[in-house]
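Q: One structure follows; several queries about it will come next.
The values are calculated or read from the model by the stated rules, or taken from the named source; none is laboratory data. Being a predicted model, the structure only gives us computed values, none of them experimental. Using ideal geometry, Cβ is built from the backbone for each residue, glycine included, and neighbour counts are taken over all protein chains shown.
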Amino acid sequence: MPVLWLVIAILALSAIGYVMGRSRALSSAGGDTRALHSLPSYYGANVGLTILAPAFGVLIVWLLVQPFFIDRSIASQLPDRAVSADTTMDLVMSDVRRVAEGLDVAVSEGAMTAQEARSIRTEFTDVRQRLGEVGVALGSNVSAEVLSAAQRYRSMSRIGNLLMAMAVLGAAIAGFGISLSRTHSEFRARNVVEAGVRLILIGAACIAILTTLGIILSLVFNTIEFFRLYPARDFFFSLTWSPSFGGGSELGIIPLLWGTLYISFIALAVAVPIGLFAAIYLSEYASPRVRSFAKPLLEILAGIPTIVYGLFALLTVGPLLVSVFGDEGVGWMQSGTAVMTAGLVMGVMLIPFVSSLSDDIINAVPQSLRDGSYALGATQSETIRQVILPAALPGIVGAILLAASRAIGETMIVVLGAGAAARLSMNPFDAMTTVTAKIVSQLTGDADFASPEVLVAFALGMTLFIITLGLNVIALAIVRKYREQYE
Amino acid sequence: MTDATAPAAPARGSLKAADERTRKRNAAEKRFRLYGLTAVGIGLILLVTLLSAIVSNGVGAFQQTFISVNVFLDPERLDKQGNRDPADLRKVSTFGYTPLIQNAMLATVADAGVQTPLTKGTDMRPMFSAGAAAQVRNFVLENPDRIGDTVAFRILAASRVDGYLKGRVQREDVARDKNIDAEHLDLTDALVEAGVVEKTFNLAFITGSDASESRAEQAGIGVAMIGSFFMMLVVLGLSLPIGVAASIYLEEFAPKNRFTDLIEVNISNLAAVPSIVFGILGLAVFIQFAHLPQSAPLVGGLVLTLMTLPTIIISTRASLKAVPPSIRDAALGVGASKMQTVFHHVLPLAMPGILTGTIIGLAQALGETAPLLLIGMVGFIASNYPDGLASGFLDPNSAMPAQIYEWAKRADPAYYERAWGGIIILLVFLLTMNFIAILLRRRFERRW
C-alpha cells in the first residue's frame, strides 16, 4: 500500500513541521510571544498546512491522471490483432488490467517471483492456470499480446508509483523548506493560515456542486452512449419494454412511465387527503397535548426506512389484497405484487411528508386572517375552508408536488411491491413496473457496460432526474413565493 | 327630535333554539372536525398496523429450534489411519459426518422411547440442518483427541422442523413438500415432548453470517451489521467535517453573489434527488471510473456521504443561525478575528445542534437501500467476517438493509421471517440513534 504509507509520511512530516515552525517562531522572537505578530500556534499551523496542501494536491491529481495516461499508452501499443472483431478496446483493456492485477497477487502471495512475473510468456506457461491457483479467475485464456501488455502495464504502474512518491514527497519537502524559511517574528502567520482555512471551507462547500456535476456527467455521457446504440425515438415512443441480453430488445420508456405515474397517483390519492386533514386537525383543532403526542407519532412513519415499507408491501399488504381481490374473492388480482399494493404502501409512507409540510404552511397563515373571519361570524370549519385553505393553497400545491417527486423517485417499495412486468394496463390490480425498478434490474447483473440493455438504465436515470428536478424546482419556487407573501 | 324607528327585524326564533341554518352549519362544523380526527386516527392506526406486523412476523427469527444429540465420533470413519493427523482429519468432508449425526439421531429417538416408522439413518436426514455436519466437523478438527468419545451436541434443526414448531409450516403443506414428510412432524412432536427438541433464543441470528439459499436456519445478520458499521464510519468521518465546513462557509463567510447562490441551489436540489440517482452516481464514478472495488463498504459509505451531506448541511446551518449575533459581536469586540470568532465561540455553541443533525442524517443513511443495490451490495452471500480494518472497508460485504432485501428476494419463506427479524434489529438501531439525538437536544439545547 504505497499510497497509505505516503499519506502517513506526509502527515508525520506536517506534524514535525508544526512543532518546528512553532519553536522557530518563538526563538526568532527570543521566547517572548508578545514580539510575534500572531500566536505561536499559527506559525506551526502555517508550516503544517504548507506541507499538507501541495503534497495532497499532487497526490490526488497524480492518482487521477496516471491510470488514464497508462491506459492510453498501453492501448496505443496494442497491435490491432489483439482487438479482434468480437471484442472492443474496453474489454481488452479490462483483460489487461485483470491479468496485471493477477500477476500482482501472484507475486505478493509468493506463487511467482517478481522476475518470473515480468518474463513469463504464454508460449511456455499456462498463465490462466497459474493465476487460477492464487484465486484470480480469468474468463478466457490469456493471449500473448494481452500478457505482454499486462507486463508493460505493471512496469509502467511501478515507475508511475515511484515517480508519484518522489513528486509528492518533493512537494511536501519544498513546502516545508519555504514555509520554515519564511517563519520569523514579523511574518503574518495568522492571516496566511486563516486564508488557507477559508479556502478549505470554500472547497467543502463546492462538494455540493461537484456532486451535482458528477451526477449530470455520469448520466449524460452514458445516455449519449446509449442513444448511439439505440435510437432515441424508439426509447421515447415505443410502447413495449422487453429487454433481452441476446440482442433485439425493445426499450420503450412509456410502459415504465405509465407504471410510475399510476403508482404515484394512487399513493397521492391516499396520502393527500389523509395528510391534509391530519395537518388541518393538528394545527387548528387539536389541543396542545394531543398535538404533542400525535405529531411525533405520525412522523415516525417518515423515519421508517423504505426497505421496511417494501417488505410490508410484499409480505403483508400484497397477500391481504389478494385474499380480497384475488381469485378467491373478486378475481381481479393475479398476484400480490401490483400497482395497488405499491401505491397504497407508498401512500402510507407519504402521509407524514404531506402532513408535516402542510402543517408548516397552515401555521404560516397569519392569525389576523382567522380573527377577521371569526369576527364576521364564520365557524371554525368555514374559516378553514374559505379563508385558510385558499390562502395556503399555493404552499399546499408545492407540498403535493414535493410528495409527487418523492413518489416518482421511490425505489424499494416498487422493486418489492409492484412486480416486474412492464405493461400498459388500466387495471390497478395488475403487476406493473416503474422507471426506478427497471434501473435496479438493469444495473444489478453481470452484463457488460457496453450493451444497450445496461446503458438504458442511465437514460432512465436521466429521465427520472429531470422529472424530479423539475418538480422540485417548481415546488420550491411556489413555496418560497408563498412564504414571501406573508412575511 | 324624531325617534329613528329601526326597521322591523326579520322574524327569528329564539337564540336558545338554533334555527335550521345554524343547525346545518354546526353539523358541518362537527363533520369537518370528524374528518380531521379520522385522518389522524387512520395515520396512527396505520403506524400501529405496520409496527405490529413487523413485531409479530419478526419475533420468530430470534428463536431457533435445536436438537440435543450425543454423537459418537467414530474413529473408523473420521480417522482411518488412526494417527490423529490434522491433515488427514481435514480430508473427511462434511459428508463423512452426516451418517454419524443420523445414527446419533436414531439413538436419541430410541432413548426417548418414541415409536416412529422412521428407522433408517437416512430417514433422519430431514430433521437436522445441513450445517450440523460442519458444526461437528469443526469440533473434531479443534479437538482431535475426542475422537472415539460420545460428545453431546446441540445441533440446529432443519428449517422445516423449525417452521413447524413456529407455525409457519402446516401439515397440509407437507404433502407437497419433498424435503419432509408427515412422519417427521409426528417425530418432532414426540421429541418436543421428550425435551430433545427445543426452541431457544437464537444469538446466532444477531451475530452470525448469511447462509446459502437452502440453509435458512443458519442465516444471521452479523456480517451485514459489520458492513453497515464500516459504512457508517465512512459516512461519519467524511460528512461531519465536510458538512460542518461547508455550513460554516455558507453561514458565516460567503458573500452574497452568484457563486454562493449556485451552491445554495445545488444543496437544496441534492436534498430532493431520489436516492437511486446517487446509486447511479456511485456506480459510474466510484466503480466504473475510479475502479474502486465493487460491493465494498467504502464505496457504499462514499455514496451515502454524498446523500447525507445536504441533510447535515441544512441542520448545521440552522444551528449556526440559532447562535445569537451578540456572541459574535462580543468576540469581535475583544479582538478575535472572524475565523477565531467562528471556531472558538460560535461552533462550540452550535455543536449540540450539529451533532443532533448528524445523528439523524446517519440514521437516514443506515436505512437507505436503493443506492447499495446498484453498487453491488446484494446478490451474493455475505459469509465472511472482515479480518481487519482494511478488509472491513474494501472487501465485499453486505449491509443491514441490503441483507434484508436479499432475504426478501429468496424463495424459501423461512427467509421472510429472517427479513422481518432483520428489520427489528435495524429499527432498534434507528430508534436508539434518534433517542440519543433527542436526548442530546433536550440536554444541551440552549434557548437564547
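Q: Counting only residues that are more than 30 Å from B:VAL277 (Cα to Cα) and away from chain B (no Cβ under 14 Å), give me the helices (runs of 4 or more DSSP H) lying completely in the range A:312-420 with at least 1 of them.
A: A:318-325, A:339-364, A:367-375, A:389-409
Q: Take the conditions surrounded by 15 or more Cβ atoms within 10 Å (Cβ to Cβ) and basic (Lys, Arg) and apply them to B:LYS178. Does it pass?
A: no
Q: Condition check: touching a Gly at 6+ places or on another chain (Cβ under 7 Å), under 30 Å from B:LEU306 (Cα atoms), buried (at least 16 other Cβ atoms within 10 Å of the Cβ) and at pLDDT 80 or above. Does B:MET225 satisfy that?
A: no
Q: I'd like the residue in the range B:93-106 that is within 10 Å of B:PHE72 (Cα to Cα) and over 37 Å from the mean Cα position of the chain (by Cα) and, out of all such residues, is surrounded by the fewest Cβ atoms within 10 Å (Cβ to Cβ).
A: Of everything passing the filter in the range B:93-106, B:ASN103 is surrounded by the fewest Cβ atoms within 10 Å (Cβ to Cβ).
Q: Show me the helices (runs of 4 or more DSSP H) found entirely inside the range B:332-427 where at least 3 residues are over 20 Å from A:MET412 (Cα atoms).
A: Those helices (runs of 4 or more DSSP H) span B:347-367, B:389-394.
Q: Out of the residues in the range B:250-274 that are more than 7 Å from chain A (Cβ to nearest Cβ) and part of a helix (DSSP H, G or I), which is surrounded by the fewest Cβ atoms within 10 Å (Cβ to Cβ)?
A: B:ARG258
Q: Mind checking whether some residue in the range A:311-331 is buried (at least 24 other Cβ atoms within 10 Å of the Cβ) and among the hydroxyl-bearing types (Ser, Thr, Tyr)?
A: No: zero hits.
Q: A further question follows. I want to confirm something. Restricting to the range B:271-292 and keeping residues that are modelled with pLDDT of 90 or more and over 19 Å from A:VAL454 (Cβ atoms), which single residue is farthest from the chain's Cα centre (by Cα)?
A: Filtering first and then ranking leaves B:VAL273.
Q: For the range A:40-56, indicate whether the set of residues that are in a loop (DSSP other than H, G, I, E, B), over 27 Å from the mean Cα position of the chain (by Cα) and not assigned by TED's automatic domain parsing to the domain that holds A:ARG198 is non-empty.
A: Scanning the range A:40-56 turns up no residue that is in a loop (DSSP other than H, G, I, E, B), over 27 Å from the mean Cα position of the chain (by Cα) and not assigned by TED's automatic domain parsing to the domain that holds A:ARG198.
Q: Can you report the number of residues in the range A:440-473 which are over 16 Å from the mean Cα position of the chain (by Cα), facing chain B (nearest Cβ under 9 Å) and among the hydrophobic types (A, V, I, L, M, F, W, C)?
A: Total satisfying the criteria: 3.
Q: Does the range B:228-245 contain at least one residue that is among the aliphatic types (A, V, I, L, M), surrounded by 20 or more Cβ atoms within 10 Å (Cβ to Cβ), more than 8 Å from every other protein chain (Cβ to nearest Cβ) and not in a helix (DSSP H, G or I)?
A: Within the range B:228-245, not a single residue is among the aliphatic types (A, V, I, L, M), surrounded by 20 or more Cβ atoms within 10 Å (Cβ to Cβ), more than 8 Å from every other protein chain (Cβ to nearest Cβ) and not in a helix (DSSP H, G or I).
Q: Does the range A:377-398 hold any residues that are at pLDDT 90 or above and touching an Asp or Glu at 6+ places or on another chain (Cβ under 9 Å), and which are they?
A: Listed by number, the residues that qualify are A:THR379, A:GLN380, A:SER381, A:GLU382, A:THR383, A:ILE384, A:ILE388.
Q: When you check B:GLY392 against the structure, is it touching a Pro at 6+ places or on another chain (Cβ under 8 Å), surrounded by 16 or more Cβ atoms within 10 Å (Cβ to Cβ) and within 12 Å of chain A (Cβ to nearest Cβ), yes or no?
A: no
Q: What do you reckon, is A:PHE227 farther than 29 Å from A:PHE465 by Cβ, more than 14 Å from chain B (Cβ to nearest Cβ) and aromatic (Phe, Trp, Tyr)?
A: no
Q: Which one of B:PRO297, B:PRO325 is loosely packed, with under 15 Cβ neighbours inside 10 Å, out of contact with any Ser or Thr (no Cβ under 7 Å at 6 or more places or on another chain) and more than 7 Å from every other protein chain (Cβ to nearest Cβ)?
A: Going through B:PRO297, B:PRO325 in turn, the sole match is B:PRO325.
Q: State the number of residues belonging to the range B:42-94 that are farther than 30 Å from B:ALA408 by Cα and either without any contact (Cβ under 8 Å) to a residue 12 or more places away in the chain or assigned to a loop (DSSP other than H, G, I, E, B) (or both).
A: Residues meeting the conditions: 15.
Q: Return a yes/no flag: does the range B:277-292 have any residue that is more than 9 Å from chain A (Cβ to nearest Cβ) and either out of contact with any helix residue (DSSP H, G or I) (no Cβ under 8 Å at 6 or more places or on another chain) or within 30 Å of B:PHE343 (Cβ to Cβ) (or both).
A: Among the residues of the range B:277-292, not one is more than 9 Å from chain A (Cβ to nearest Cβ) and either out of contact with any helix residue (DSSP H, G or I) (no Cβ under 8 Å at 6 or more places or on another chain) or within 30 Å of B:PHE343 (Cβ to Cβ) (or both), which makes the answer no.
Q: Does any residue of the range A:2-22 turn out to be over 13 Å from A:SER179 (Cα atoms) and not in a helix (DSSP H, G or I)?
A: No, the conditions are met nowhere in the range A:2-22.
Q: Now for a different question. Do we find that B:ALA330 is surrounded by 22 or more Cβ atoms within 10 Å (Cβ to Cβ) and either of a type in the set (Val, Ile, Thr) or more than 8 Å from chain A (Cβ to nearest Cβ) (or both) in this structure?
A: no
Q: Another one. Just give me the residues in the range A:144-163 being in contact (Cβ under 8 Å) with a residue 60 or more places away in the chain and surrounded by 20 or more Cβ atoms within 10 Å (Cβ to Cβ), in sequence order.
A: Listed by number, the residues that qualify are A:VAL146, A:ALA149, A:TYR153.
Q: Looking at the range A:256-267, is at least one residue part of a helix (DSSP H, G or I), under 21 Å from B:THR49 (Cα atoms), free of Cβ contacts under 8 Å to residues at least 12 places away in the same chain and within 14 Å of chain B (Cβ to nearest Cβ)?
A: No, every residue in the range A:256-267 fails to be part of a helix (DSSP H, G or I), under 21 Å from B:THR49 (Cα atoms), free of Cβ contacts under 8 Å to residues at least 12 places away in the same chain and within 14 Å of chain B (Cβ to nearest Cβ).
Q: Would you tally the residues in the range B:140-172 being touching a helix residue (DSSP H, G or I) at 6+ places or on another chain (Cβ under 9 Å), surrounded by fewer than 16 Cβ atoms within 10 Å (Cβ to Cβ) and free of Cβ contacts under 8 Å to residues at least 24 places away in the same chain?
A: Within the range B:140-172, residues that are touching a helix residue (DSSP H, G or I) at 6+ places or on another chain (Cβ under 9 Å), surrounded by fewer than 16 Cβ atoms within 10 Å (Cβ to Cβ) and free of Cβ contacts under 8 Å to residues at least 24 places away in the same chain number 3.
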